[in-house]
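Note sheet for the following structure.
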Amino acid sequence: MEEKVLIVEGTSDRKRVKAVLDEPVDIICTYGTLSDEKLETLILPIEDHDVYILVDADHAGESLRKQLKRELPNATHLYTQKGYGQVETTPLDYLTQILRGYFHVKEIK
């Protein structure tokens, strides 16, 4: 079975996503835009995994997404709404909807 990897921007995003996931997922934080060296270090170990990208709906998130699209063309891109802006401020029920279908998620009551 392929290992799933989810790429987010920061630790607050990782914490938010972990709150709704109901399976072990390797969550990698980029801490913003990446240099080519950092990008290579990040990508090499995960090239054979199922990679998902969930970044903020802002300028920094979009440029990071473009960068990751070039390097990981087979990755699945997940999006939060522009109105929520950041993954860490996305309501848990909406985050659950975004991730459902790709990951096992907890039922939010």
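The values are calculated or read from the model by the stated rules, or taken from the named source; none is laboratory data. Bear in mind that the values here come from a model prediction, so they are computed numbers and not experimental data. Because the Cβ atoms are built from the backbone with ideal geometry, glycine has one as well, and the counts that use them run over all protein chains shown.
When the residues of region 71-91 are narrowed to those that are in a helix (DSSP H, G or I) and touching a Leu at 6+ places or on another chain (Cβ under 9 Å), which ends up modelled with the lowest pLDDT?
Of everything passing the filter in region 71-91, Glu71 is modelled with the lowest pLDDT.
Condition check ((1) touching a helix residue (DSSP H, G or I) at 6+ places or on another chain (Cβ under 6 Å); (2) among the aromatic types (Phe, Trp, Tyr); (3) at pLDDT below 95; (4) assigned to a helix (DSSP H, G or I)) across all residues:
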residue: Ile27; (1), (2), (3), (4): yes, no, no, no
residue: Thr33; (1), (2), (3), (4): yes, no, yes, no
residue: Val51; (1), (2), (3), (4): no, no, no, no
residue: Ala60; (1), (2), (3), (4): no, no, yes, yes
residue: Glu107; (1), (2), (3), (4): no, no, yes, no
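If the requirement is being aromatic (Phe, Trp, Tyr) and within 18 Å of Thr96 (Cα to Cα), which of these qualifies: Tyr52, Tyr31?
From the options Tyr52, Tyr31, the qualifying one is Tyr52.
For (1) within 10 Å of the chain's Cα centre (by Cα); (2) of a type in the set (S, T, N, Q); (3) surrounded by 12 or more Cβ atoms within 10 Å (Cβ to Cβ), each residue gets a yes or a no:
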site	(1), (2), (3)
Val8	yes, no, yes
Ser12	no, yes, yes
Pro24	no, no, no
Ile43	no, no, yes
Glu47	no, no, no
Asp56	yes, no, yes
Lys66	no, no, no
Arg70	no, no, no
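Applying the selection to region 26-38, what residues are within 14 Å of the chain's Cα centre (by Cα) and either of a type in the set (Asp, Glu) or on the phi > 0 side of the Ramachandran plot (or both)?
Asp26, Tyr31, Gly32
Within the group Gly32, Gly10, which residue is touching a residue at least 40 places away in the same chain (Cβ under 8 Å) and not aromatic (Phe, Trp, Tyr)?
After applying the criteria, what remains is Gly10.
Contact list please: Cβ distance under 9 Å, first residue in region 57-81 and of a type in the set (Asp, Glu), second residue exposed (fewer than 12 other Cβ atoms within 10 Å of the Cβ), pairs at least six apart or on different chains.
If the second residue must be exposed (fewer than 12 other Cβ atoms within 10 Å of the Cβ), the pairs left are Asp58/Lys82; Glu71/Glu40.
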